[in-house]
Every structure is written in C-alpha cells, then in structure tokens.
1. Between E131 and A153, what length in nm is gained on full extension when 0.36 nm per residue of separation is reduced by their alpha carbon distance?
2. Please report, in debye to the nearest 20, how large the charge dipole of the chain is about its Cα centre when each Lys and Arg carries +1 at its beta carbon and each Asp and Glu carries -1 there.
3. Can you pull the one-decimal nm distance between simple spin-label points at E119 and D2, each 7 Å off the Cα toward Cβ?
4. Excluding L75 itself, calculate the net charge of residues whose Cβ lies under 14 Å from the Cβ of L75, where each Lys or Arg counts +1 and each Asp or Glu counts -1.
5. Put +1 on the Cβ of each Lys and Arg and -1 on the Cβ of each Asp and Glu in the chain; which of G66, A6, T47 then has its Cα farthest toward the positive end of the dipole?
6. From the mean inverse distance of alpha carbon pairs (Kirkwood) and the Cα radius of gyration, derive Rg over Rh for region 97-171.
7. So what does log10 I(q)/I(0) come out to for region 129-170 at q = 0.21, 0.27, 0.34 Å⁻¹, using the Debye formula with one equal point on every Cα and no solvent?
8. Using the reciprocal of the averaged 1/r over all distinct C-alpha pairs, how large is the Kirkwood radius of the chain in Å?
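Quick note: the coordinates plus some simple rules give every number you see, no bench work behind them. Computed from a predicted structure; not experimentally measured. With ideal geometry, Cβ positions are generated from the backbone for all residues, glycine too; neighbour counts draw on all protein chains shown.
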Amino acid sequence: MDERLAAELAAMATEDLRVKATDDRVFARRVSMRERMDLTRVGVAHTDRLRDVVADVGWPGRALVGDEGAEHAWLLAQHADRQLDSQRLFLAALRRAVEAGDAPAWHLAYLTDRVAMNEGRPQCYGTQVAEMARGEAVSWPIENPGGVDERRATMGLSPLSEHLAQWRGMT
C-alpha cells in the first residue's frame, strides 16, 4: 500500500469537506469575489492533483491506498464539478477499478449520476438530490425511474425511498 498517497488523499478530502461546507455558507450570502476565488482554487487544485495521480497510477483503489484512501479519492472525484472533463476521466478510471474489484460499485453509481447531472442528463441510480422542497428531498430526474431500485440494488445501494428519507434527516 502507498501510505504517502493515502495520507495525501486523506488530507485533500478533509480540506475538500471543510471548503465545501464553507462554500455552501459563502454562496448563501454576499461575499467578496476574492473569497469565492480562494474556495474555487482549492477545489481546482485537488482535481488537478487527482488527475495527475490517475494519469500516473490509474484509479487509486483499495490495493494502492486501502479502503479509506479509495473513498477519499472517490469524494474528490465526486466534488470535481467545476472540471467536468476531469470528472469524466475519473469516471472511466473508476469504472475499470470497479470491474477489477478494486473499488466499490456504489462509488461508480454516485459518480455516474454526478457526471450525468453535470451534463444535464437524467441520472441512472437516483443518488443525486436536486433540491429540498417543503422538507422533502427531490431527486434529480431519473432515467427509467421504474427500474431504479433494481439498478440501485446491483450497486449495493438501498431503495431510492430510503435514500431520499436519509436526506430529510441531513437538513
């Protein structure tokens, strides 16, 4: 296992979550353009670094960085919304890792849906919530919604109704 890379991914994921929480608060109020640019710069730097890692070693999966490291890499890819080309690259690399058994299928489900949402397309697995309306989570549009729970099950995910109910408790 590459302990150095695992630690680097952990540090980046920790900072990513801190910045994302700050980002959510910042964009809910008026702030300076400089403050907004600083938050964006961190996300871009993390995406660039993950892209370099993927180019050098492929997807940083369980074999290379352990379970936690693989989850940190997935989180960084999931939040790479401002760099859709990189997010697509991560999706392809993650797909190969899942096929090889080196990453969990649910990582692929979430990133597949995130890329679809960022491209303005319906999602496949119903992992992405578009908004909260009257205290209820509203899913981003889903392709073939009648088969979503079956698709979710193949990826190790709970039924969509349970997923949306969890969002209710997070707000």
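1. Working: separation 22, 0.36 × 22 = 7.92 nm, distance 2.36 nm.
Length difference between fully extended and current span is 5.6 nm.
2. Working: 22 positive and 27 negative charges, 126 e Å.
In debye, rounded to 20, the chain gives about 600.
3. Between E119 and D2, the label points sit 2.7 nm apart.
4. On the way: positive: R18, K20, R49, R114; negative: E8, E15, D16, D67, E68, E71, D81.
Once positives and negatives cancel, what remains is -3.
5. T47
6. Details: Rg = 12.4 Å, Rh = 12.7 Å.
In region 97-171, Rg relative to Rh is 0.98.
7. Calculated log10 I(q)/I(0) at the listed q: -0.69, -0.99, -1.17.
8. Details: mean 1/r = 0.0593 Å⁻¹.
Roughly 16.9 Å, rounded to one decimal.
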